[in-house]
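Structure, as structure tokens:
Read-outs throughout are calculated quantities, based only on the coordinates presented, and are distinct from any laboratory measurement. Owing to the predicted nature of the structure, the values given are computational and were not obtained by experimental measurement. Cβ sites come from the backbone with ideal geometry, for glycine too, and all protein chains shown count toward neighbours.
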Ligand SMILES: [Zn+2]
């Protein structure tokens, strides 16, 4: 009997932080390469550092003007929301060992995972949470709500109510001023307060404001998962993108990258009036048996027109077959379970060992990623 590697051949390390990606062998090497590039790119330009330092004194309308001007000046291809560089290399990697047996990313015969999350940015956003949660509930969804513990007045009644209704509560940084990662000293100080909020909300997850990130520093989080990475998003101040569209293990954390374009980008920067880009990305993620993790903000879904676009997309989600709609904490828990499984080769057949193996299934890389999948 031979035990085959499941998520990766051996724990890969970035310094002291072990990394284990969704698939073993060459695919793992490729995901590691892209992750490392993201880790190197994930730093702020001096302009952004100065901007965040002086931001408290910049009037909000002028800030919005600056942000809009900067975002509109970014020159992107029509398919900017697809990680095409990564997937092109990924398909080439798959073609080198198409029969490789792997554990399907998702449990219970699901083809993909869908996960709704919200970052609540302001007091105004807090006031719009209930309306958005109710809209999701009428369509059968529950989601994760990321609150900023030291920016606005927290509504503990609302937080408890959301939890009672089956939603998840997470922590979104410290005070959302863009300076969390400015120095190790600032980060360490704020992390004590972030961890206190995680304990207070009984949270399992964290997302850094403006999706700034340093996963090595973030090992100090008392959380099960982080959701600050992304596959591709050219509009972020801290640029980069890991390319891959599945969770992975980064040290003590499960990392859940967001893979759907953010509402602010689509509705405010690009002025989209329909969910067509979300729908196109969802189809791409389905083709790759991936995770559609979405970030929207009650603050930006603040008009009837914006809410209608989100509502239309949720209705489209309802029509998806074999999509596992789950809270991020459930996906992180599944990912740890899958990560602990092994494939055992006995005579000529393979089986999965681990608990609960019956939720998992074996497949080959070529059936997961047929060559006709786009990208
Ligand atoms: Zn935010």
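Which of the strands (runs of 3 or more DSSP E) found entirely inside region 167-271 contain at least 2 residues meeting this: more than 16 Å from the ligand (Cβ to nearest atom) and within 17 Å of the chain's Cα centre (by Cα)?
Working: elements: 168-171, 248-250, 253-255.
Hits in region 167-271: 248-250, 253-255.
Give region 142-161 a look and list any residue that's touching a strand residue (DSSP E or B) at 6+ places or on another chain (Cβ under 6 Å) and either within 19 Å of residue 310 (Cβ to Cβ) or assigned to a strand (DSSP E or B) (or both), or say none.
143, 144, 145, 146, 147, listed by residue number.
For residue 133, indicate whether it is under 22 Å from residue 225 (Cβ atoms), in contact (Cβ under 8 Å) with a residue 60 or more places away in the chain and under 21 Å from the mean Cα position of the chain (by Cα).
No: the conditions fail for residue 133.
Take the residues in region 107-122 that are within 22 Å of residue 202 (Cα to Cα) and outside any strand (DSSP E or B), then tell me which one is nearest to the ligand (Cβ to nearest atom).
Out of the qualifying residues, it is 121.
State whether one or more residues within region 291-302 are surrounded by 17 or more Cβ atoms within 10 Å (Cβ to Cβ), outside any helix (DSSP H, G or I) and away from the ligand (no atom under 16 Å from the Cβ).
yes
For residues that are farther than 16 Å from residue 358 by Cα and touching a helix residue (DSSP H, G or I) at 6+ places or on another chain (Cβ under 6 Å), scanning just region 97-112, find the one that is surrounded by the fewest Cβ atoms within 10 Å (Cβ to Cβ).
So, considering only residues that are farther than 16 Å from residue 358 by Cα and touching a helix residue (DSSP H, G or I) at 6+ places or on another chain (Cβ under 6 Å), the one surrounded by the fewest Cβ atoms within 10 Å (Cβ to Cβ) is 98.
Yes or no, residue by residue, for (1) assigned to a helix (DSSP H, G or I); (2) in contact (Cβ under 8 Å) with a residue 12 or more places away in the chain; (3) touching a helix residue (DSSP H, G or I) at 6+ places or on another chain (Cβ under 6 Å):
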{"position": "313", "(1), (2), (3)": "yes, yes, yes"}
{"position": "317", "(1), (2), (3)": "yes, yes, no"}
{"position": "320", "(1), (2), (3)": "no, yes, no"}
{"position": "331", "(1), (2), (3)": "yes, yes, no"}
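Please work out if residue 152 is more than 30 Å from residue 366 (Cα to Cα), within 21 Å of the chain's Cα centre (by Cα) and within 15 Å of the ligand (Cβ to nearest atom). So that I can check it myself, show each step before the final result.
Values: more than 30 Å from residue 366 (Cα to Cα): yes; within 21 Å of the chain's Cα centre (by Cα): no; within 15 Å of the ligand (Cβ to nearest atom): yes.
No; evaluated as a whole, the condition is false for this residue.
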